[in-house]
Amino acid sequence: MLVRDRMTQPVITVGPRANVSGALKLMFRRKVYRLPVLDEHGRLVGIVTRGTLLQHGTEEADPLVEAVMTPTPFTTHPLTPIEHAAVRMRDLRVGALPVLDQGRLVGIITESDIFDAFLELLGARSDARVTIALTDIAQQLPRLVTVAASTGVRMHGVTALSNGAGSFAIVSIDHADPNALVRALHEAGFTSTEAHTRG
């Protein structure tokens, strides 16, 4: 999954010479928490957050966006794998990355977009999920998929992961009762399985 598959577009932006109060009104009206700042030539020159604007929005002088924006923000590319963008956001401790393609703003990827992608990968919105412990992903995953398909359940997705505790796969299914799949996996020799239904 790439950034372009999850980024928000078109992007709501603001100019550097806009007043903070106007930028805040735009944010609340469009229900966004960050605004990339584009100059008169359409170049990205900064980014402002709702928190920053609220901090300065009570000032009588009503400063310009350029006075409170974060200049030259961190960015990403539409063809960047989404997990790389997530790592970059986490390491930099930022909640969003404007997406540039040949210097042109084409989208923005936010922590909410990353979170939605994570939920999709884990099949969180499927009717049920079965988690299966694996000792060897390369050898066992094809057999697991074959066994799951033989039960007739409609698979929404399969995600295989490894961490310090070992390897496992998550099979997401569009079926409220995963017991048939659990039984088939046990009969095929998969001993450690956990079933979860949504709701």
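Laboratory data are not the source of any read-out in this text; all were calculated from the coordinates shown. None of these values were measured; they are calculated from a predicted model. Don't worry about glycine lacking a Cβ; one is built from the backbone with ideal geometry, like all the others, and counts go over all protein chains shown.
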Review point. How big is the Rg/Rh ratio for the stretch 158-199, C-alpha atoms only, Rh by Kirkwood, two decimals?
Key: 0.98
**Study point:** Cα principal axis extents for the stretch 123-197, largest first, Å
**Key:** 30, 25, 17
Review point. Using 15 Å as the cut-off for backbone N distance, which residues of the stretch 51-91 belong to the label zone defined by a point 7 Å from the Cα of Q9 along Cα→Cβ?
Key: 76-82
Exercise for review: Could you state the angle between the C-alpha long axis of helix 111-121 and the longest principal axis of the C-alpha atoms of the chain, as a value from 0 to 90 degrees rounded to the nearest 10?
Suggested key: 10 degrees
Exercise for review: Of the listed values [x] 46, 16, 13; [y] 36, 17, 13; [z] 28, 25, 15, grab the one calculated as semi-axes √(5λ) of the Cα gyration tensor in Å from the structure here.
Suggested key: [x]
Review point. If one takes the longest principal axis of the Cα atoms in the chain, at what angle in degrees, from 0 to 90 and to the nearest 10, does the Cα axis of helix 137-150 lie?
Key: 70 degrees
Practice item. State the extension gain, in nm to one decimal, for the chain segment bounded by D174 and T159, taking 0.36 nm per residue of separation less the distance between their alpha-carbons. Key: 3.9 nm
Exercise for review: Provide the gained length on full extension for the span F74 to R50, in nm with one decimal, where the gain is 0.36 nm per separating residue minus the Cα-Cα distance.
Suggested key: 6.9 nm
Check your understanding: So how far apart, in nm, are the two label points at R93 and R17 if each is 7 Å from Cα heading toward Cβ?
Key -> 3.6 nm
Point to revise | Within a Gaussian network of the chain (alpha carbon springs, distance under 10 Å), most fluctuating of R43, R104, R29 | key: R29
Exercise for review: State whether the stretch 3-117 is rounded, prolate or oblate according to the following rule on the C-alpha gyration tensor (a ≥ b ≥ c being the square roots of its eigenvalues): a/c under 1.5 gives rounded; otherwise a/b larger than b/c gives prolate, and the remaining case gives oblate.
Suggested key: prolate
